[in-house]
Amino acid sequence: MPLTPEKTPSVANPIRVMVVDDSAVIRGFLTRFIESDPDIKVVASASNGQLAVNNMGPAKFDVVVLDIEMPVMDGMTALPLILQADPSVQVIIASTLTKANAAITLKAFEMGASECLAKPTSHELSGSNAFQDELVQKVKTLGLVARKKRGSGEKPAAAKSAITAAPVVTAPKKFALRSELIKYAPDIIAVGSSTGGPQALLQFFTDLKGKVRQPIFVTQHMPPTFTTILAEHIAKQSGLLCHEAKEGDIIEGGHIYLAPGNFHMTVKDLSGKRVIALNQDAQENFCRPAVDPMMRSLISVYGKKILAVIFTGMGADGLKGCQQLVEAGGTVLAQDEATSVVWGMPGAVAMAGICTQVLPLGLMAKAVREYADRGGTL
């Protein structure tokens, strides 16, 4: 998967990482995996949160890989102290797949963590090429994000006001007026997100307020269990009807369907009803769930009456699906760079010239509601 930032580090100036885990075995595996890429270097490790905090300093590390459960000081206690020592450092939470840890990880996002990784057991780690690839990709991309923020003197995106962070950025002129040509409301809303997505989704759905008559389909790159907890958090915080999608769910207006971890979410017609269909087909864009298969499926069922929204995330998942949607006559909105943790996915659709609008996170719900409430027919 291509990196989002413009420049890659050099071996002479590698991404600097601190690994924090109470297991020496896990620290060893993580270090070996990370350093398989010559542009990344583990320059420190710690067995508990207190040692990690003691190690911190301004611009000392680009990325911290942080365990949750540790003696002396756990990861959640250490997290705000790490970010206080260096607000630009990017923190990846490494967590086991339990409901308790998934809930804690979502709390960590609220506190400023950028990403999460489902941590395999020490036995699984020994043969986990997929985990290694994911770890390296996230560390490298987020390391470049940290350097970019320091270079610009910006605060991390999560610390900014999403509404005032930046003015609206318009798409290329030939696409800028597409919204004025569309007089009908979409039948459905499709949402894609990755790195920084959980917090973006929580703000977006909270800002959306009240019921939306259209069904909303969401693919967020997250592992199993984490998506279960995320759906619960969205429902609780927004008051909307959000649930992790299940095979055979009948599509209903006003409901939010979140793709479960490790499954692509699609929709099919079954005996005159539209229902959720999950599958474990090959990863797309190195992800499962992925946005592109969701988009293809939705286009095949709903045609052009789809409003797609692409939020913060690394990579370019969703680009191909959104291109197909625009070719069919649908509409695409994207989050702007200033309020994105990583402007990969939204940047890909914006730079492709297929967006009707590119908006700060804090203005997205208002725009979506304006589209959703439109009258008229095709």
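The values are calculated or read from the model by the stated rules, or taken from the named source; none is laboratory data. Owing to the predicted nature of the structure, the values given are computational and were not obtained by experimental measurement. Positions of Cβ are generated from backbone atoms using ideal geometry, with glycine treated the same way; all protein chains shown enter the neighbour counts. Just the protein is used for accessible areas: all its heavy atoms, side chains included, with ligands, DNA and RNA removed. Shrake-Rupley method; radii C 1.70, N 1.55, O 1.52, S 1.80 Å.
Worth a mention:
- Computed log₁₀ I(q)/I(0) - Debye formula, equal Cα scatterers, no solvent, segment 3-102, q 0.16, 0.21, 0.25 Å⁻¹: -0.67, -1.09, -1.37
- Taking 0.36 nm per residue of separation and subtracting the current Cα-Cα distance, fully stretching the chain between Gln280 and Val43 would add 81.6 nm.
- Computed per residue of the chain from DSSP H runs no shorter than four, each worth -39500 (n - 2.57), the mean residue ellipticity at 222 nm is -11500 deg cm²/dmol.
- Each residue of segment 80-95 was assigned a 3J(HN,Hα) from its phi angle through the Karplus curve 6.51 cos²θ - 1.76 cosθ + 1.60 (θ = phi - 60°); the sequence is x, 6, 5, 6, 5, 5, 8, x, 8, 5, 9, 10, 9, 7, 9, 9 Hz, with glycine and proline shown as x.
- Cβ-derived FRET efficiency at R0 41 Å, Asn13 paired with Arg213, nearest 0.05: 0.20
- Alpha carbon convex hull of segment 193-350, projected area averaged over orientations, nm²: 8.2
- Using the 1.4 Å probe convention, the accessible area of segment 263-364 works out to 32 Å² per residue with neighbouring protein chains retained.
- Rounded to 5, the percent of DSSP beta bridges in segment 221-335 classed as antiparallel: 55
- A simple spin-label model places the labels of Gln84 and Ser300 5.3 nm from each other, with each point 7 Å out along Cα-to-Cβ.
- Simple point charges give the picture: +1 on the Cβ of Lys and Arg, -1 on the Cβ of Asp and Glu, and for the chain a dipole about the Cα centre of about 980 debye.
- For segment 260-307, the equivalent ellipsoid derived from the Cα gyration tensor has semi-axes of 20, 13, 7 Å, listed largest first.
- Nitroxide proxy distance, nm - points 7 Å out along Cα→Cβ at Ala235 and Ser23: 3.2
- Gyration tensor (Cα) of segment 310-365, equivalent ellipsoid semi-axes in angstrom: 18, 13, 8
- The chain, accessible surface, carbon-and-sulfur percent (1.4 angstrom probe): 54
- Beta bridges assigned by DSSP with both partners in the chain are antiparallel in approximately 20 percent of cases.
- Exposed loop sites were defined as trypsin sites (Lys or Arg not before Pro) in DSSP loop states (anything but H, G, I, E or B) carrying at most 16 other C-beta atoms within 10 Å; in the chain the longest segment without such a site runs 247-373.
- For segment 316-378, a crude dipole built from +1 on the beta carbon of Lys and Arg and -1 on the beta carbon of Asp and Glu, taken about the Cα centre, is about 120 debye to the nearest 20.
- The Cα-based radius of gyration and maximum Cα-Cα distance (Dmax) for segment 264-368 are 13.9, 46 Å.
- Placing pseudo-labels 7 Å out from each Cα toward the beta carbon at Asp373 and Asn54 gives an inter-label distance of 5.7 nm.
- Scaling the Cα radius of gyration of the chain by the globular reference 2.2 N^0.38 Å produces a ratio of 0.97.
- Within segment 56-136: Cβ-based charge dipole about Cα centre, in debye rounded to nearest 20 (Lys, Arg +1; Asp, Glu -1): 160
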